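> To start, I am sharing the structure in question, which I have written as structure tokens.
The values are calculated or read from the model by the stated rules, or taken from the named source; none is laboratory data. Predicted, not measured: the structure shown is a model, and the values here were computed from it. Positions of Cβ are backbone-derived with ideal geometry, glycine not excepted, and every protein chain shown enters the neighbour counts. Ligands, DNA and RNA are excluded from the accessible area calculation, which covers all protein heavy atoms including side chains. Shrake-Rupley method; radii C 1.70, N 1.55, O 1.52, S 1.80 Å.
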Amino acid sequence: MSSSCPICEIAATVRAKRERRKDARPGELLAAALELFVEKGFAATRAEEVAKRAGVSKGTLFLYFSSKEELFKAVVRANIAGHFDQWNAELDTFQGSSEELLRFTIRAWWERIGNTKVAGITKLMMSEAGNFPELAAFYQHEVIQPGNDLLRRVLQRGVDRGEFRPMDLQYGVYTVLAPMLFLATWKHSLGLCSGSTSVIDPEQYIAVQVETLLHGLTRREGTAPATAEPMAHIDGPQTPAR
């Protein structure tokens with residue numbers, strides 16, 4: 001006859017829970033760090049604040065990450081840099097036209113980065129890179145360059161297939177990036193306190209930007225001029241042109 005040991009079972013359950021908690025800690029610390037870096041910036045975020053928000057001690061944080069700088073790098077790798085292999089694989093297997101691929105790329109960026117807390121890292125780096133050159137070099141190597149390379153591949157595909165006109169690809173990449181960077185920065189700055197006259201609908205903004213990138217501002221021969229409602233200026237209604 002086998003005998004049960006309730007105390008042993010309870011102890012085993014507690015140990016199992018502790019192990020699960022231990023395994024989850026790095027992710028919890030990264031989530032807390034992302035929130036605080038976006039809310040306060042890199043310089044103003046303290047390690048003890050991250051630990052407190054994650055529900056651990058400061059000493060526990062440093063068991064996993066040797067410094068605040070390494071914690072920031074881990075946040076960037078977990079949320080952005082670590083996904084470039086997947087994103088490039090999606091480009092490799094995309095079956096549609098290059099116009100469809102460009103639309104997909106920008107919309108996927110919005111869904112995965114722009115419309116999440118991660119977009120705040122973009123604004124953080126733009127505002128604080130000059131004070132932290134080592135982090136700026138890291139971000140350049142692991143985010144900016146791979147991101148530029150991916151966009152370059154999208155544009156090069158279109159040129160090679162005769163779907164896009166020949167272009168200076170370096171500046172073509174910047175042309176695609178500019179509206180994306182503006183939206184990410186606006187979302188985590190003026191967008192937090194915008195009045196009704198300066199609200200941006202991200203989906204509509206992206207749609208307009210993609211159409212402008214693909215077709216420019218000049219009306220093509222044989223197309224009727226579009227009519228649009230007057231747009232509100234950021235500081236109030238625009239004065240009609242005379």
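> Per-residue HN-Hα couplings for the stretch 164-173, Karplus 6.51 cos²θ - 1.76 cosθ + 1.60 at θ = phi - 60°, whole Hz, x for Gly and Pro?
Those phi angles translate into 10, 6, x, 8, 6, 5, 4, 7, x, 4 Hz.
> Hey, with R₀ at 45 Å, roughly what FRET efficiency would GLU70 and ARG219 work out to, going by the Cβ-Cβ distance, to 0.05?
Computed FRET efficiency for GLU70 and ARG219 comes out at 0.25.
> Gain in length, THR60 to TRP87, computed as 0.36 nm per residue apart minus the alpha-carbon separation, to one decimal in nm? Spell out each step's value before the answer.
Values: separation 27, 0.36 × 27 = 9.72 nm, distance 3.34 nm.
Length difference between fully extended and current span is 6.4 nm.
> So for ASP149, ASP85, what's the accessible-area order with a 1.4 Å probe, most first? Write out the running numbers ahead of the final one.
Working: ASP149 70, ASP85 130 Å².
Putting ASP149, ASP85 in descending order of accessible area: ASP85, ASP149.
> So what does TRP186 come to for accessible area, using a 1.4 Å probe and Å² rounded to 10?
Solvent-accessible area, nearest 10 Å²: 40 Å².
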